[in-house]
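Peer 1: Sharing a structure here in structure tokens format.
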Amino acid sequence: MKRAPHRHRRHLHRAVAGALALTGVLALTACGSADTSGKPSTGAAATHTMKTAMGDVRVPDHPRRVVVLDTAELDSAITLGVKPVGSTHADVKSGFLDYLPKDEVAGIKDVGAMLQPNMEAIAALKPDLILTSKIRHGDKYSQLSAIAPTVMTENTGYPWKANFQVHADALGRKAEAKKTVAAYTAHIRRVVAALGGPAKAAATKVSMVRFVEGADIRIYGRKNYIGTILADLGVGRPAITDKAKDGFSYDVSPERIDLADADVLFHSTYGDPAKAKETQTLRGALWKNLTAVKNGKSFGVDDQLWIQGIGYTAADKILDELQRDLTQR
């Protein structure tokens, strides 16, 4: 092959040098700014290692394309000002839980049902972080971690506050998390004050009942999401609360609903009311003779918000409803 003339070689060297310089600039830019192409950055982004339920995981300091696989993780992301590129859907008509602000969930790609996420749909989004829990998707960890760094908490529900801190660390939003917790604590104080102070709050026994399609009626104990919020308020709980299995719930038939008796009773329904035994229970004499029901202190609440949300955005709305209903004369 003939060599290029001297003049042409000089121009070629300049072109190569310019291309290399441009490549260097682009690499530096990729490390310090968001990728607008919709693909994860190929630059050497800063990372840190987190301890998770599945061992140590190295995650980007500031992930840009996050996929969440459960309602708690979605609440955490929204609370912290992060809009995921993808999320699994809940078992509700709207897909994402209705209490979440519509503008905050608009544009999030549905990647399948919560218990059966679509791996191809997740991979197609080219995430740089996946958030979920071991109890939900531990059996899918190898598949998920092959797509992107996957941070799993051990469980969901009861440890929601600790899980939120894990989510905040993974999302690079620790400062925002600190503000969120402070705002929640202040909200708790306002509600307790509205109830007449800690002593009056403790003197009011509150029961939480959930009707579930295909299962027994659940009288909620202390070790669950709503139980922690009630504990933060310092309200009283009925005696049956302390007999809940693993602290979660004491399950009964409609014929034992009298065990849920309390000064104030909240109830929600998951699934078809008739199949969940709500319809027959609320029409029965035992229900109508409950103290809270007779005194007009029984309130139906949104199951999506009170039970399924599991996060600070949901908690803020629940506290508003608790203040309204517990102070009702």
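The values are calculated or read from the model by the stated rules, or taken from the named source; none is laboratory data. Computed from a prediction, not measured in an experiment: that's the story for all the values here. Here the Cβ positions follow ideal geometry from the backbone for every residue, glycine too, while neighbour counts run over all protein chains shown.
Peer 1: Of the residues G81, G55, which single one is more than 17 Å from the chain's Cα centre (by Cα), surrounded by fewer than 22 Cβ atoms within 10 Å (Cβ to Cβ), at positive phi and not polar (S, T, N, Q)?
Peer 2: Among G81, G55, only G55 is more than 17 Å from the chain's Cα centre (by Cα), surrounded by fewer than 22 Cβ atoms within 10 Å (Cβ to Cβ), at positive phi and not polar (S, T, N, Q).
Peer 1: Sticking with this one: Filter the range 222-246 down to the residues that are among the small types (G, A, S) and under 20 Å from the mean Cα position of the chain (by Cα) and list them by number.
Peer 2: Result: G227, A231.
Peer 1: So, L80, is that one in contact (Cβ under 8 Å) with a residue 60 or more places away in the chain, farther than 16 Å from D169 by Cβ and not basic (K, R) or not?
Peer 2: Taking the combined requirement at face value, the residue does not satisfy it.
Peer 1: Of the numbered conditions (1) in contact with a helix residue (DSSP H, G or I) (Cβ under 6 Å, 6 or more places away or on another chain); (2) assigned to a helix (DSSP H, G or I); (3) surrounded by 20 or more Cβ atoms within 10 Å (Cβ to Cβ), L286 satisfies every one except a single condition; which is it?
Peer 2: Here L286 clears every test but (3).
Peer 1: Since E73 meets every condition but one in (1) over 15 Å from G107 (Cβ atoms); (2) at pLDDT 95 or above; (3) assigned to a loop (DSSP other than H, G, I, E, B), which condition does it not meet?
Peer 2: (3) is the only condition that E73 fails.
Peer 1: Still on this structure, I have one more. Would you tally the residues in the range 255-283 being touching a residue at least 24 places away in the same chain (Cβ under 8 Å) and either part of a loop (DSSP other than H, G, I, E, B) or not assigned by TED's automatic domain parsing to the domain that holds D216 (or both)?
Peer 2: 9
Peer 1: Take the range 135-193 and flag every residue that is closer than 17 Å to T49 by Cβ and either of a type in the set (D, E) or under 13 Å from the mean Cα position of the chain (by Cα) (or both).
Peer 2: Scanning the range 135-193 gives M152, T153, Q165, V166, H167, A168, D169.
Peer 1: Same structure again: Mind checking whether some residue in the range 259-274 is of a type in the set (S, T, Y) and touching a His at 6+ places or on another chain (Cβ under 9 Å)?
Peer 2: no
Peer 1: Count, please, the residues in the range 209-223 that happen to be touching a residue at least 60 places away in the same chain (Cβ under 8 Å) and part of a strand (DSSP E or B).
Peer 2: So the answer is 4.
Peer 1: For T291, indicate whether it is touching a residue at least 24 places away in the same chain (Cβ under 8 Å), out of contact with any helix residue (DSSP H, G or I) (no Cβ under 9 Å at 6 or more places or on another chain), over 30 Å from K102 (Cβ atoms) and of a type outside the set (G, A, S).
Peer 2: Yes: the conditions hold for T291.
Peer 1: Another question about this same structure. If a residue has to be in contact with a Phe, Trp or Tyr (Cβ under 8 Å, 6 or more places away or on another chain) and basic (K, R) to count, how many in the range 264-302 make the cut?
Peer 2: Selection size over the range 264-302: 1.
Peer 1: Do we have E120 as more than 14 Å from the chain's Cα centre (by Cα) and in contact (Cβ under 8 Å) with a residue 40 or more places away in the chain here?
Peer 2: Against the criterion (more than 14 Å from the chain's Cα centre (by Cα) and in contact (Cβ under 8 Å) with a residue 40 or more places away in the chain), E120 does not qualify.
Peer 1: For the range 267-324, enumerate the residues that are closer than 29 Å to H167 by Cα and of a type in the set (D, E, K, R).
Peer 2: Listed by number, the residues that qualify are D302, D303, D316, K317, D320, E321.
Peer 1: Just to be sure I understand the filter: pairs with C-beta atoms under 7 Å, separated by 6 or more residues or on different chains, first member in the range 186-204 and in a helix (DSSP H, G or I), second member small (G, A, S). Which pairs pass?
Peer 2: Sorted first by the residue in the range 186-204, then by its partner, the pairs are V192/A201; V192/G234; P198/G234; A201/G234; A202/G234; A202/G236.
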